[in-house]
1. Only one of Glu48, Glu40 is touching a Ser or Thr at 6+ places or on another chain (Cβ under 9 Å), outside any strand (DSSP E or B) and among the acidic types (Asp, Glu); which?
2. Any idea which residue in segment 78-100 is farthest from the ligand (Cβ to nearest atom), counting only those that are under 16 Å from Ser44 (Cα atoms) and of a type outside the set (Gly, Ala, Ser)?
3. Restrict the check to segment 127-149 and report whether at least one residue is within 14 Å of Arg179 (Cα to Cα), more than 12 Å from the ligand (Cβ to nearest atom), surrounded by 12 or more Cβ atoms within 10 Å (Cβ to Cβ) and of a type in the set (A, V, I, L, M).
4. Could you tell me how many of the residues in segment 153-176 are among the hydroxyl-bearing types (Ser, Thr, Tyr) and surrounded by fewer than 19 Cβ atoms within 10 Å (Cβ to Cβ)?
5. Search segment 104-120 for residues being hydrophobic (A, V, I, L, M, F, W, C) and exposed (fewer than 15 other Cβ atoms within 10 Å of the Cβ), and hand back the single one that is nearest to the ligand (Cβ to nearest atom).
6. Scan segment 69-87 and tell me whether some residue there is farther than 18 Å from Phe156 by Cα, assigned to a loop (DSSP other than H, G, I, E, B) and without any contact (Cβ under 8 Å) to a residue 60 or more places away in the chain.
7. Scanning for something out of contact with any helix residue (DSSP H, G or I) (no Cβ under 8 Å at 6 or more places or on another chain), assigned to a helix (DSSP H, G or I) and without any contact (Cβ under 8 Å) to a residue 24 or more places away in the chain, does segment 27-34 turn up at least one residue?
8. Could you tell me which residue of segment 53-68 is surrounded by the fewest Cβ atoms within 10 Å (Cβ to Cβ), considering only residues that are more than 11 Å from the ligand (Cβ to nearest atom) and part of a helix (DSSP H, G or I)?
Amino acid sequence: MKLVLASKNVKKMREMNDILSGMGVEVCLQADVGIDVDVEETGSTFEENSRLKAQAVMEASGLPAIADDSGLCVDALNGAPGVYSARYGGEGLDDTGRYRLLLANMPKGEARTAKFVSVITCCFPGGEVLTARGECPGTIAFAPMGEGGFGYDPVFFLPRLKKTFAQLSAEEKNAISHRGLALAAFQAKLEEYLKK
Ligand code: IMP
């Protein structure tokens, strides 16, 4: 079975294929099926946004489509940046600018607990929808550490490992990350669905 990914991110596609190819599922890019859909993320939850993206690509391609939506939720900031993680601070900032802004916005003397969240949605042309959520708890470091990963990885600290996401190998990160966990939960749901 082919699933069209509602993203142009080749890394995301590879990551999904690594996990799902073992069950005879191939995740491909929109361009591979001749479509180019850019969905505005107007939802207020990760669930809504991943559903919006998967639904639009399923409708445009006529094929089952998969999307993920993710972000960092900081307790002392009432869950911000949350669904706005990619746009935190406006269009002018890059990844480094965004995590620097986050460090600057952290209230002094308050708990620095946070979590990364990922929600995966798969929409089928028959109307069925599968959803899986993964969360990874951690804290916001006082300063960036590590060179790996992307986004907020250098400031997302895992107290148990005493390292940030940016100090882990891709394999180490995938084993515990919000996206890795969501993908594993999605795999289990897809296996059930394909048995029906
Ligand atoms: P999305 O592509 O709309 O899901 O945007 C997610 C945004 O959340 C990214 O642009 C990053 O800023 C942030 N984010 C999500 N997952 C991670 C991660 O694993 N590490 C660092 N930042 C992440």
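Quick note: the coordinates plus some simple rules give every number you see, no bench work behind them. The shown structure was predicted, so the numbers you read here are calculated from the model rather than taken from an experiment. Neighbour counts are summed over all protein chains in view; Cβ atoms, including those assigned to glycine, are modelled from backbone coordinates with ideal geometry.
1. Only one candidate passes the filter, namely Glu48.
2. The selected residue is Asn78.
3. Yes.
4. Qualifying residue count, segment 153-176: 1.
5. Ranking the qualifying residues of segment 104-120, first place goes to Ala104.
6. no
7. Yes; the residues of segment 27-34 include at least one that is out of contact with any helix residue (DSSP H, G or I) (no Cβ under 8 Å at 6 or more places or on another chain), assigned to a helix (DSSP H, G or I) and without any contact (Cβ under 8 Å) to a residue 24 or more places away in the chain.
8. The residue in question is Glu59.
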